[in-house]
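Here the structure comes first, spelled out in structure tokens, and everything after it is commentary.
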């Protein structure tokens, strides 16, 4: 990976570390993006990821088809969840995307399986949140779950990035979360998107 990153004219590798030293290293060197390779996800790994996510934009490389794990690391503030077999070109593209803005990346394999998770809290969340979402907020949360950045969403909806930021702010408040990563996690975990889609087909349900 080092050789690949060193070949990129717009990417500078400022350090490597392992284990518990990563948080201190990130605090000292203030990298824009930190890549974390963690095959497992122990309690200590979770603590470290959350601490790193507060300091830098974290790209997490792990098993891609584990939908629950993808949600879990998003809740910790991770910006991208990648599979170990992610291609070199895709890795570089994602690093640039995450560095440039607030987009999040979820593996397609995990995204496909998210629809099959048991949404134990879907009805309660749908009853309280779906009716409060404006049509535009509904569009924005759908695009957030696709990993779109503010600029991407603004272009898609033909609005300004300031307007998108305002919609995201309102969504975070309505969902009771502190970050867009957590908003995406909640949308997947609780079945919010399924409730929104159901409401679009049957607007009298909620």
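Bear in mind these aren't lab numbers, they're just calculated from the coordinates by the rules spelled out. All figures in this text were calculated on a predicted structure; none of them were measured in a lab. Every residue, glycine among them, receives a Cβ derived from its backbone with ideal geometry; neighbour counts consider all protein chains shown.
Taking neighbour counts of Cβ atoms within 10 Å as a proxy for exposure, in what order, fewest first, do 37, 159 appear?
Lowest to highest Cβ neighbour count: 37, 159.
Working out 0.36 nm times the residue gap between residue 38 and residue 170, then minus their Cα-Cα distance, what length gain in nm do you get to one decimal?
44.2 nm
Ranking request for peptides 46-54, 172-180: highest mean number of other beta-carbon atoms within 10 Å first, then the rest in descending order.
Ranking, from highest mean packing down: 46-54, 172-180.
Take residue 17 and residue 30, extend 7 Å from each Cα along the Cα→Cβ direction, and tell me the distance between the two endpoints in nm.
Between residue 17 and residue 30, the simple spin-label model gives 1.5 nm.
Using Cβ counts within 10 Å as a stand-in for footprinting exposure, how do 32, 152, 6 rank, fewest first?
6, 32, 152
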